[in-house]
Every structure is written in C-alpha cells, then in structure tokens.
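None of the figures in this text is laboratory data; all of them are computed from the coordinates on show. On a predicted model such as this, the values are computed, not experimentally measured, just so you know. Cβ sites come from the backbone with ideal geometry, for glycine too, and all protein chains shown count toward neighbours.
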Amino acid sequence: MKSLKTICTATLLLAALVTPAAAQATAPVASAAPPPAEAKPAPSNSTSLAAQVNSELPEWVRFGGEYRFRFESVSGVKGVEDTQDGYALSRLRLDLLFKLGKHVRLFVQGQDSQVGGFAANPDPPIHENTFDLRQAWIEFRQSEKNGWAFKVGRQELNFGDQRLVGSLNWTNTTRTFDAAKLSYTNDLLNVDAFASSVVVIQDNVFDKHVDGANFFGLYANFFKVVPKGQVDAYAFWKTNPLVLDEKARLGDADTWTFGSRLAGKAGSRVDYGIEAVGQAGTFSTTDIRAAAFHGRLMVGLWKNAALPRPRVEYNYASGDSDPTDGRRGTFDQLFPTAHDKNGLIDQVGWKNIHKFRLGATMKPHARVVLDVDYSDFWLAEAKDGLFDAGGNLVARIITGAPDRHVAREFDVQSNITVANGVTLGIGYGHWFPGDFWKAATPGAARDFIYTSLTYRF
Ligand SMILES: [Ca+2]
Ligand SMILES: [Ca+2]
C-alpha cells in the first residue's frame with residue numbers, strides 16, 4: 001500500500017503546477033463557458049502546460065494529459081456497521097499524438113494510478129496500477145468526418161450511453177481493449193465493427209488481455225431516422241473460457257447481446273432515452289436467457305437554467321428465477337461505464353434489478369452544475385442476488401428473499417469549473433436499507449463522500 005503522504009506530496013507538486021495556469025486562466029473569463037461533465041473536462045487554453053510544450057514541438061506531434069485527484073470516504077460496506085474507510089486516489093495521464101500525413105494518426109498514452117490509505121492489501125486493480133500503457137493505437141482515416149476508418153491497437157471502446165460498453169473513466173485505472181475496429185460514416189449513419197479483448201489490469205506487471213476472453217461487435221447509429229434524435233442498433237458476442245454454471249459444471253461461455261437505443265430531444269425542452277437489450281447463448285452447460293431495459297425523461301420546465309430540470313428514470317435487468325433449473329437468467333452488463341448509472345454509491349449494477357429514480361439538474365451559476373437524485377431499488381428475482389456497479393455479487397438469499405426491496409438512496413453532487421481545464425467535483429450519497437438489505441447483510445446504512453480535482457493540461 002502506498003502511503004497517503006506520498007500521494008499528498010505528489011498532489012501538492014501538481015497543485016503547484018496547476019496554480020499558475022489556473023490563475024492566468026481565471027482573469028480573462030468574463031462570459032464563462034458552461035461547466036463540463038466529469039468525463040469531458042474543459043479544453044486547455046493557450047496558456048496551458050500542454051500548449052506551452054506543444055509550442056516547442058513540431059506541428060505533427062501533440063502532447064497532452066490529465067491529472068486527477070479524488071478523496072473518497074465510505075462506511076457501512078456490505079451492511080457492516082463499523083466499516084469506515086477513507087482513501088486518496090491519484091491518476092496521471094500523459095499522451096502523445098503523432099499526425100503522420102493526412103490520413104494516419106498514432107496515439108500513445110501512459111497512465112499512473114495510485115491509492116493511499118485504502119484498507120486492503122494488496123490494493124485492488126480498480127484503484128492501483130503503477131505507470132502502464134493505457135492506449136497505443138494507429139488509425140487510418142479516409143477523411144476527417146466521413147468515409148472509412150480503421151483503428152488497431154490498445155484503445156477505448158465507447159458506445160451509446162456506455163451502459164454496456166465504455167471506458168469507465170470514473171475509476172482510477174479505467175478500461176481499455178486490445179482491438180481492431182473498422183468504421184464507416186456518412187451523413188445518415190455510422191457503423192463500427194470490432195474484434196477485441198479487454199485489458200486486464202495488474203499492478204507492477206505489464207497489463208495484458210486474457211486469451212479466449214474475446215469481445216466482438218457490430219454497432220450502428222442512424223442519425224436521421226428520428227428528428228433531433230438518434231437510433232442505435234447493435235449486436236455483441238462475448239466469449240469467456242472456463243466458467244462455472246449453476247450445476248457446478250465447468251465450460252466455456254458464449255453470450256450474445258442484441259439491443260436498440262433511441263435518444264434525443266422532443267421539442268426544445270424534453271430529453272429522452274430508451275434502451276432495450278436481449279441476451280442469449282450458453283454458459284457452460286446452461287442456456288442464457290436475459291433482458292434489460294432503460295428509460296428516462298427530462299423536462300425543462302423553466303427557461304432559466306438555474307431552476308431545476310426534473311427527470312424520471314426506470315432501469316430493469318433480469319435475474320435468475322431458479323438456481324437449479326439449468327437456465328441462466330441473470331443479465332450480463334458486459335463492459336459498462338457503470339458509475340452512477342444506478343446511484344452514486346455504485347452499490348447497484350444493471351443485473352437483477354428494478355430501479356426507479358427521481359432527480360433534477362440545475363445550474364445555479366454558469367460554472368456550477370448541481371444534481372440531486374432519489375432512487376428506489378428492488379430485486380427483479382428474489383432467489384438471485386444484489387450485484388454492484390462492477391457486476392460483483394454483494395448479497396444473496398438463495399432460498400428466496402422474504403422481501404425484494406433492497407434500499408433507497410439519496411445523492412447530491414456538483415461539478416464546478418474552477419478555471420479552464422480545472423474541474424472540482426463533490427458528492428454525497430446515503431443508502432437507506434430496505435428489508436432485503438436488512439435480511440441479507442448485517443443491515444447498516446451506507447454513506448459515500450467524495451471530493452475531486454481534475455486538471456486537463
Ligand atoms: Ca500494470
Ligand atoms: Ca437458473
């Protein structure tokens with residue numbers, strides 16, 4: 001485990017780097033840009049560190065990067081009263097982009113992820129991965145926007161709302177794939193076809209994919225089918241060697257996922273998103289039959305962005321109804337950017353769940369976004385378990401839960417653009433135990449607090 005002191009020292013050093021750029025950036029901003037989402041920090045301005053470095057480099061080489069620091073505090077883990085932990089997450093990314101003529105680009109990105117003060121030894125790979133190769137790809141592109149493109153190497157794969165495939169930027173070590181992707185784009189549609197294998201993160205060892213753990217897909221976006229909206233259709237095939245099915249027989253798994261997504265605006269004030277997914281295949285000797293659904297609606301009641309924009313959301317993912325029937329009903333959420341898709345605490349994944357959410361977004365200031373959410377979680381099947389955002393089993397009553405009500409959760413979070421390229425994030429989530437949580441765990445409430453600083457240089 002890294003000491004908290006090392007990380008704090010690194011942060012202070014980086015804060016010293018950040019401060020001059022931040023100070024310079026603050027002065028001229030009269031009409032501030034809208035605050036960026038966590039995953040997309042504001043672009044660096046001409047006084048940024050990268051801009052200064054790039055001014056010394058030839059035009060065909062571009063340097064960039066990001067530093068993020070986050071402190072998290074958790075309590076009530078697995079429903080145990082006295083589990084309290086606070087730890088610091090530090091992440092540094094350094095990028096180099098080479099533009100080799102009009103059609104070819106080469107990109108290399110290294111990432112260092114450290115955690116200090118985490119109460120586990122060794123630190124889990126979701127938090128810690130000492131400097132490693134996160135991306136290294138070469139891309140051929142027919143033209144800037146339309147036509148054919150081919151990208152091969154270690155890369156991010158992100159599709160739709162990233163409910164099934166995404167690069168999981170929230171976590172300290174994130175996710176990439178060793179992949180080859182062929183794309184075609186015109187004014188009506190974009191189609192991606194890829195063959196990949198997810199990169200497995202291991203600290204102090206060069207990250208590699210696992211042979212036989214493959215992921216293939218075809219993903220199409222249609223831009224003009226629905227006014228102000230987009231229709232997506234996709235098929236994924238995931239293979240896993242040596243899984244154990246519910247009859248305790250070892251074998252290979254083939255999971256086929258088919259889905260469709262519709263997202264866009266209706267009029268000037270309504271935002272919506274719908275996604276429906278079906279799954280079939282074999283899991284060792286058992287058959288896979290699973291499904292999932294997502295629906296959300298956000299309404300701008302007032303033109304003034306400072307006033308709340310309310311939203312409602314419902315998520316469903318099937319569970320397994322019988323642990324002995326030789327049929328697998330638990331939905332596989334594949335490789336999602338799962339953070340905050342089912343609550344800020346990330347105690348709930350897209351597996352065996354009904355989730356109802358009421359929330360609102362407001363912008364009390366041009367540089368501040370504030371989100372408030374209230375969620376209610378129920379198991380879809382009483383004999384299947386509760387799975388967290390990472391897809392891991394948290395608790396299960398295999399004979400059948402007496403009550404399927406898992407919990408309610410209240411979340412509040414805010415993103416503040418401190419200066420160009422610098423974002424401050426804060427958030428708090430509280431978990432109110434339901435009868436399933438009380439029966440399947442010791443029953444304690446949960447709390448989660450974070451504060452983060454992201455500097456894109
Ligand atoms: Ca590694
Ligand atoms: Ca079953």
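Worth pointing out:
- The ratio of the alpha-carbon radius of gyration of region 260-301 to the globular-protein estimate 2.2 N^0.38 Å is 1.76.
- Each other residue within a Cβ distance under 12 Å of residue 268 adds +1 if Lys or Arg and -1 if Asp or Glu, for a net charge of +3.
- For the pair residue 98 and residue 152, the difference between a 0.36 nm per residue extended length and the Cα-Cα distance amounts to 18.0 nm.
- For 346, 85, order by how many other beta-carbon atoms lie within 10 Å, fewest first: 85, 346
- Seen from residue 196, the other residues with C-beta closer than 12 Å to its C-beta sum to a net charge of +2, counting Lys and Arg as +1 and Asp and Glu as -1.
- Note on the chain: Cα-Cα pairs beyond 32 Å make up 44% of the total pair count.
- Between the exposed loop cleavage positions of the chain, defined as trypsin sites (Lys or Arg not before Pro) in a non-H, G, I, E, B DSSP state with at most 13 neighbouring beta-carbon atoms within 10 angstrom, the longest gap is 304-457.
- Residue pairs, from the table 265/303; 224/341; 181/238; 151/208, whose Cα atoms sit over 21 Å apart: 224/341
- Hits among aspartates and glutamates - C-alpha to C-alpha of residue 99 under 14 Å, sequence gap 8 or more where chains match: 59, 139, 144
- Over the chain, DSSP H runs of length four or greater, each weighted -39,500 (n - 2.57), average out per residue to a 222 nm ellipticity of -2500 deg cm²/dmol.
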